[in-house]
Amino acid sequence: MSTIQVNQISKRFGTQQAVDQVSFEVEPGEIFGLLGPNGAGKTTTIRIILDIFKPDSGEVEILGGKMTEEKKNRIGYLPEERGLYQDISLETCLNYLARLKGLKPTDAAERVEQMMKRFDLYDHRKKKVKELSKGMQQKAQLITTLVHDPQLIIIDEPFSALDPVNTQMVKDLLREERDKGKTIVMCTHQMHQVEELCDRLVLINRGKVMLYGKLNDIRRQYSGQEVIVHPLNELPANLPGVQRVERENSGYVLHLADNLTPQLLLKNLVEQGVALERFEVALPTLDEIFIQVVTARGELE
Amino acid sequence: MNKFWIVFGHEYLRHVKRKRFIFALISIPLFMAFIMGVSILAAVISEDRRPVGYIDQSGLFLDARPIPPTRSGLFQNKVQILAFEDETAARNALDAGEIQAYYIIQPDYLSTGSVKIIAKESVDSEVMQDFSEFLLTNLLKNADPKIRARVLEGPELILRPMDSDKKFNSSNPFGFIVVIFSGVIFMLAVNTSGGYLLQAVVEEKENRTMEVVLTSLSTDQFMAGKIFGNLSVGLTQLLFWLIMGGIAALIALRTFPDLNELGIDFSFFGLMALTFLPAFVMIAALMTMVGATATESREAQQIAGLFSLPIVIPFWFIAAIMENPNNPLSIGFSLFPFTAPLTLPLRSMLTNLPFWQIGLSIGLLTAAAAAAIWLASRAFRLGMLRYGKKLSLAEIFRPQS
């Protein structure tokens with residue numbers, strides 16, 4: 001059973017079609033990427049999934065059915081537009097938000113204390129939230145997302161305005177949660193950030209699904225006839241089936257003719273006795289794939 | 001525990017536990033007590049307790065009896081009145097400071113009523129009253145005691161409408177003081193609660209906490225918790241001030257027992273509760289609506305002031321209402337939801353209110369309060385996720401998908 005099932009949802013604001021017939025599924029225990037450029041309709045899709053907005057048409061199932069008040073306690077959500085109550089102490093703020101997620105007062109206090117210690121915020125617990133640095137506030141927001149040990153974690157733009165140290169911390173944290181069996185939906189326009197984390201993804205542009213599937217499958221599907229080769233010595237002057245050779249850093253990018261597969265090329269090179277340091281099918285980045293897709297569909301602005 | 005109570009408790013406690021709130025709570029009664037204390041003290045200090053003298057040239061008061069020496073209440077001693085043989089003796093006593101003034105009852109007093117007063121400074125009106133009473137008492141000393149008492153007290157006018165047994169006392173300024181005092185307290189409490197509510201709603205927007213909250217509990221639970229939490233802050237204030245007012249009234253009654261006679265109808269307080277409560281909810285809800293539509297608290301506060309202003313409009317027309325409690329203006333004010341909370345109780349002290357007016361007025365107020373809550377919750381749902389963008393009134397009324 002899928003953790004989230006989005007079925008043909010559409011949503012219009014005034015004249016703008018924010019989401020147009022979007023469908024995808026999120027499987028239990030995976031990190032799923034909801035990707036797209038700014039204004040693509042990602043946040044609207046998330047808000048529809050979380051029942052903040054009602055779709056004009058289509059259906060959403062979450063944790064095996066419609067959203068209920070009880071299910072809200074099993075979901076951790078870090079919105080893009082995020083903040084904390086500024087005028088109260090960090091401890092009061094975190095306890096209040098934890099209790100709104102269904103934790104009993106004693107459990108909330110215990111969990112909040114544990115997590116503040118883990119995120120190095122314990123010494124600042126009596127300070128007003130507005131007195132904390134931006135980085136500390138972001139860590140506090142992560143605590144509110146995870147404090148009730150949610151089964152499903154939805155994070156919108158997790159890396160926006162994070163410094164490299166905190167970015168790494170969030171990545172480690174997300175991997176850790178996945179290893180505990182949690183389902184994670186990561187929504188971002190920074191596609192290079194998800195390439196190393198996501199198992200599967202959906203890519204949305206102008207409210208429509210452009211790509212959907214396993215990350216590796218998509219990259220293979222969009223990989224051209226290109227191979228990256230780092231030989232120990234020079235490459236032979238004549239390689240049958242290779243249309244063009246480009247020098248790149250310490251290696252070469254070989255553009256292959258349609259009838260030459262990378263496997264055949266490797267076999268040729270080995271047979272010719274070329275010593276290789278690296279041989280790699282050049283997979284395009286998600287950014288490149290995205291540009292390729294929208295250009296092909298004439299949707300590039 | 002229901003999440004409503006978590007929101008309620010959070011909203012209520014974070015205001016009530018603040019020093020600012022506690023200071024505001026006790027500063028108003030303290031300030032009023034201080035003003036009361038100062039005025040009583042000033043009256044006591046400034047009162048001249050020295051006797052006054054008189055020289056009787058008319059021969060009517062040769063064997064005059066002194067008047068009963070006590071009044072009721074704090075200022076209970078009447079001025080002592082001493083007879084002098086001639087003006088020189090009186091003058092000497094005045095110069096020596098033994099008396100504060102002396103009266104010369106002229107020979108033709110009976111036909112003209114002419115009395116001269118000689119004093120170094122102006123004499124208190126109480127002294128003048130006491131001396132008149134002295135003259136009247138002695139002129140009427142041979143009359144029937146009942147007649148004498150009636151002449152001295154004057155008529156007590158009681159207005160009684162033809163179709164009811166309700167009485168309106170002509171000499172009841174205390175009632176209006178109660179209306180005005182309650183009005184002011186009501187305004188303060190509405191402003192406190194409304195202000196807190198407005199701030200509480202705008203704050204969700206400014207702090208960008210809405211989405212986390214909406215994915216934790218339902219909008220209705222959240223709104224209800226916020227509205228009732230903040231209203232309870234205002235009600236706590238109102239209750240505390242009313243208790244303090246009650247204590248002050250008890251003290252006032254002990255000091256000035258005459259006030260006991262100015263009975264205030266208990267139906268007045270019932271009417272006040274019936275109009276104040278829906279008005280309270282209505283204004284608070286309207287302020288919530290403003291909070292949800294505005295983008296920042298300063299702007300919201302400016303607009304919200306507009307809602308509490310109409311409440312005090314009846315104060316500007318208080319003379320007209322008191323003079324003519326049944327004219328169209330007064331009736332209009334008691335039906336219009338914003339002006340009803342002050343006008344209706346005020347009119348109930350002046351006239352016999354027809355039942356349909358009370359019913360219609362409270363009905364309209366309750367409907368207005370319900371409509372305000374509906375508007376507020378709609379504005380809240382639509383407006384809360386618009387960071388930095390205003391929500392127009394037209395959008396609130398537009399059908400929502």
*How large is the dipole of the range B:7-119 about the Cα centre if only Lys and Arg carry +1 and Asp and Glu carry -1, each at its Cβ, rounded to the nearest 20 debye?*
1380
*Could you grab the relative contact order for chain A? Cα pairs under 8 Å, six or more apart, rounded to a whole percent.*
21
*asked:* Please report the net charge: other residues with Cβ closer than 14 Å to the Cβ of B:Arg20, K and R +1, D and E -1.
replied: +3
*asked:* Skipping prolines and chain starts, which residues have an amide H placed within reach, meaning under 5 Å, of the one on A:Gly33, given they are 5 or more residues away or on another chain?
replied: A:Met186, A:Asp199, A:Arg200, A:Leu201, A:Val202
*If you line up the long axis of helix A:262-271 against the longest principal axis of chain A, both from Cα atoms, how many degrees apart are they, to the nearest 10?*
50
_Counting DSSP beta bridges with both ends in chain A, the antiparallel % (nearest 5)_ = 65
*For the range B:1-73, report the convex hull volume of the alpha-carbon atoms normalised per residue, in Å³, without decimals.*
167
*Among A:59-66, B:108-115, the order from most to least packed when residues are scored by Cβ within 10 Å on average*: A:59-66, B:108-115
*Would you mind checking which residues have amide H under 5 Å from A:Ile154's amide H? H placed 1.01 Å from N; only 5 or more apart, or other chain.*
A:Gly76, A:Tyr77, A:Leu78, A:Val185
*When the gyration tensor of the range A:124-193 is built from Cα positions, what are the square roots of 5 times its three eigenvalues, in whole Å, from largest to smallest?*
21, 16, 10
*Quick one: angle between helix A:105-118 and the longest Cα principal axis of chain A, in degrees between 0 and 90, rounded to 10, please.*
40
*What average count of beta carbons from other chains do you get within 10 Å of the Cβ of residues in B:202-212?*
6
_Likely footprinting exposure, B:Arg14, A:Arg99, B:Arg148, fewest C-beta neighbours within 10 Å first_ = B:Arg148, B:Arg14, A:Arg99
*For chain A, modelled as a GNM with alpha-carbon contacts under 10 angstrom, which of A:Pro231, A:Pro150, A:Pro37 fluctuates the most?*
A:Pro231
*In degrees, nearest 10, range 0 to 90: what is the angle between the Cα axis of helix A:164-179 and the longest Cα principal axis of chain A?*
80
*Can you give the convex hull volume of the alpha carbon atoms of the range A:154-222 per residue, in Å³?*
97
_Mean projected area (nm²) of the alpha-carbon convex hull when the protein assembly as shown is viewed from all directions_ = 47.8
*Are any of the pairs A:Lys42/A:Lys208; A:Lys139/A:Lys182; A:Lys11/A:Lys66; A:Lys130/B:Lys205; A:Lys72/B:Lys3; B:Lys116/B:Lys146 more than 21 Å apart by Cα-Cα distance, and if so, which?*
B:Lys116/B:Lys146
*Inter-chain Cβ neighbour average for residues A:80-86, partner chain, 10 Å*: 6
*Can you give the net charge of the other residues whose Cβ lies under 13 Å from the Cβ of B:Tyr102, counting K and R as +1 and D and E as -1?*
-2
*Please state the Cα pair-distance histogram of the range A:1-153 with 10 angstrom bins from zero: what percent is in each bin?*
10, 35, 30, 21, 5, 0
_Checking the cross-link filter: which aspartates and glutamates have an alpha carbon closer than 13 Å to that of A:Lys127, excluding same-chain neighbours under 8 positions apart?_
A:Asp87, A:Glu91
*Tally the DSSP beta bridges in the protein assembly as shown and give the antiparallel ones as a percent, rounded to 5.*
60
*Could you line up A:Ile52, B:Ile331 from fewest to most neighbouring Cβ atoms inside 10 Å?*
B:Ile331, A:Ile52
*Go through the range B:281-292 residue by residue and turn each phi into a ³J(HN,Hα) via Karplus (6.51, -1.76, 1.60, θ = phi - 60°); whole Hz please, and just put x for glycine and proline.*
5, 4, 5, 4, 5, 4, 5, 4, 4, 4, x, 6
*Which order do the peptides B:17-27, A:77-87 take when ranked by the mean count of other beta-carbon atoms within 10 Å per residue, highest first?*
A:77-87, B:17-27
*So which residue, out of A:Phe32, A:Phe119, A:Phe279, gets the largest mean-square fluctuation from a GNM of chain A using Cα contacts under 10 Å as springs?*
A:Phe279
_the range B:1-118: relative contact order as a whole-number percent, Cα under 8 Å and 6+ apart_ = 25
*Would you tell me the mean number of C-beta atoms belonging to other protein chains that fall within 10 Å of each C-beta in A:59-72, as a whole number?*
1
_HN-Hα J in Hz across the range B:199-204 - Karplus 6.51, -1.76, 1.60, θ = phi - 60°, x for Gly and Pro_ = 5, 5, 7, 4, 4, 4
*asked:* Taking every DSSP beta bridge with both residues inside the range B:36-145, roughly what % is antiparallel (nearest 5)?
replied: 45
_Let me check I've understood the local charge: for A:Asp56, count other residues with C-beta under 11 angstrom from its C-beta, Lys and Arg +1, Asp and Glu -1. What total comes out?_
+2
*asked:* What translational diffusion coefficient, to the nearest whole µm²/s, does chain A have by Stokes-Einstein, given a Kirkwood radius computed over alpha-carbon pairs, a temperature of 25 °C and 0.890 mPa s viscosity?
replied: 112
*Sequence neighbours fewer than 8 away in the same chain don't count; with that in mind, list the aspartates and glutamates whose C-alpha is under 17 Å from B:Lys78.*
B:Glu47, B:Asp48, B:Glu98, B:Asp124, B:Glu126, B:Asp130, B:Glu133, B:Glu153, B:Asp258
*asked:* Explain nothing, just compute: Karplus ³J(HN,Hα) = 6.51 cos²θ - 1.76 cosθ + 1.60, θ = phi - 60°, for every residue of the range A:238-244 in order, whole Hz, x for Gly and Pro.
replied: 10, 10, x, x, 8, 7, 8
*asked:* Using +1 at the C-beta of Lys and Arg and -1 at the C-beta of Asp and Glu, which of B:Tyr102, B:Ser27, B:Ala42 has the Cα lying farthest in the positive direction of the dipole of the range B:21-128?
replied: B:Ser27
*Could you tell me the distance between the Cα centroids of the range A:152-182 and the range A:222-297, to the nearest Å?*
34
*What residues qualify as long-range amide H neighbours of A:Ser2, i.e. H under 5 Å apart, gap of 5 or more or another chain, H built at 1.01 Å from N?*
none
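A short reminder: the numbers here are calculations on the coordinates, not readings from a lab. Everything numeric in this text was worked out from a predicted model, so none of it was measured. Heads up, the Cβs are rebuilt from the backbone with ideal geometry, glycines too, and the neighbour counts pull from every protein chain shown.
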